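> Here's a structure for you.
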Amino acid sequence: DFFEADPDLPARVRSEHRDYSGSQYDRGHMAPAGDMKWDERAMVESFYMSNMCPQAPNLNKGDWRILEEQCRRWVQRHRTTLYIACGPIVEKGKNHRRIGRAKVTVPDGFFKVVLKLGKRPAAVGFLFPNDDCNAPLKEYAVTIDSVEALTGIDFFPQLPDEQENTLEATNGIGNF
């Protein structure tokens, strides 16, 4: 639980632990520390500020954490690798709140996409508003296509086109 500036970033662009002080936002992990138990260095680096985004406290400690834990349970249940990408959503053309000396932008929301391959492939996207929300995960579940449309990111381009198109067009939360 020791947050620190990313030493690989120039000082002029990196955020510091103190940027969040008094901001009313948590330091929300994008790559969860709980996924890094396999390696001490990975665990330390998961606490770099470059892996943090300002998150509403109840989102960070609530629904976002629940999804992180659910992804770990899916790995254990299926005994397979999950491919996960996540990040902030920042609407273009909108004035955003900024916190700290580094002027860290407070995102409008967050996305996470999850892909499971193997015998029964499945994929699902999630969209969360950056507020103190509290709902079952299925309420945030969407197609990966909708997350791609919102973010402009093609998440799984290495999949064969037919498989990619099928998986990304389906809200597959029920297949995990």
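> Considering only protein heavy atoms, what per residue accessible area in square angstrom results for segment 94-176 with a 1.4 angstrom probe?
On a per-residue basis, 54 Å².
> Can I ask one more? Under a plain spin-label model, where a point goes 7 Å from the Cα along Cα-to-Cβ, how far apart in nm are ASP108 and ALA135?
According to this spin-label approximation, the distance is 1.6 nm.
> Shifting gears a bit: Under a 5 Å amide H to amide H cut-off, with H placed in plane at 1.01 Å, what residues pair with ARG97 once short-range neighbours are removed?
When sequence neighbours closer than 5 places are left aside, the close amide H contacts are VAL106.
> Ok, one more. So which lysines can LYS103 reach, going by Cα to Cα under 21 Å and dropping same-chain residues fewer than 8 places off?
Straight-line reach from LYS103, under 21 Å: LYS92, LYS94.
> Quickly rank 36-43, 142-149, 100-107 as a protection proxy: mean count of other C-beta atoms within 10 Å, highest first.
Descending mean neighbour count gives 142-149, 100-107, 36-43.
> Using the alpha carbon gyration tensor of segment 110-176, what are the three equivalent-ellipsoid semi-axes (square root of 5 times each eigenvalue), largest first, in whole Å?
Details: eigenvalues 93, 41, 12 Å².
In descending order, the three semi-axes are 22, 14, 8 Å.
> Right, here's the next one. For the chain, give the percent of accessible area contributed by carbon and sulfur heavy atoms, probe 1.4 Å, rounded to a whole number.
On the way: 4840 of 10040 Å².
Of the solvent-accessible surface of the chain, carbon and sulfur hold 48 percent.
> Quick check: from the Cα gyration tensor, does segment 1-84 come out rounded (a/c under 1.5), prolate or oblate?
In terms of gyration-tensor shape, oblate.
> When all alpha-carbon pairs of segment 17-135 are counted, what percent fall beyond 17 Å? Working shown, then result.
On the way: 4176 of 7021 pairs.
Roughly 59 percent, rounded to a whole number.
> Here is a further query. Using only Cα atoms, find the angle between the long axis of helix 64-78 and the longest principal axis of the chain, and express it within 0 to 90 degrees, rounded to the nearest 10.
Helix 64-78 sits at roughly 40 degrees to that axis.
> In addition: Tell me the label-point distance for the pair VAL44, ARG12, using the 7 Å Cα-to-Cβ offset, in nm and rounded to one decimal.
Here the answer is 2.8 nm between the modelled labels.
> If contacts are Cα pairs under 8 angstrom and at least 6 residues apart, what is the relative contact order of the chain in percent?
Details: 282 pairs, mean separation 34.0, N = 176.
Computed value for the chain: 19 percent relative contact order.
> Along the principal axes of its C-alpha atoms, what lengths does segment 43-99 span, in descending order and rounded to whole Å?
44, 25, 21
> For the ranges 168-175, 58-65, what's the packing order if you count other beta-carbon atoms within 10 Å of each residue, average per peptide, and put the highest first? Don't skip to the end; give the middle numbers.
On the way: 168-175: 16.6, 58-65: 19.1.
Going from most to least packed, we get 58-65, 168-175.
> Per DSSP H run of n ≥ 4, the term is -39500 (n - 2.57); total these for the chain, divide by its residue number, and report the mean residue ellipticity at 222 nm rounded to 500 deg cm²/dmol. Can you show the working numbers first?
Numbers: 4 runs with 37 residues, N = 176.
About -6000 deg cm²/dmol.
The values are calculated or read from the model by the stated rules, or taken from the named source; none is laboratory data. Worth saying up front: this structure is predicted, and the values here are computed from it rather than measured. Reconstructed Cβ throughout: ideal geometry from the backbone, glycine too, with neighbour counts over all protein chains shown. These accessible areas exclude ligands, DNA and RNA; they are computed on the full protein's heavy atoms, side chains included. Shrake-Rupley method; radii C 1.70, N 1.55, O 1.52, S 1.80 Å.
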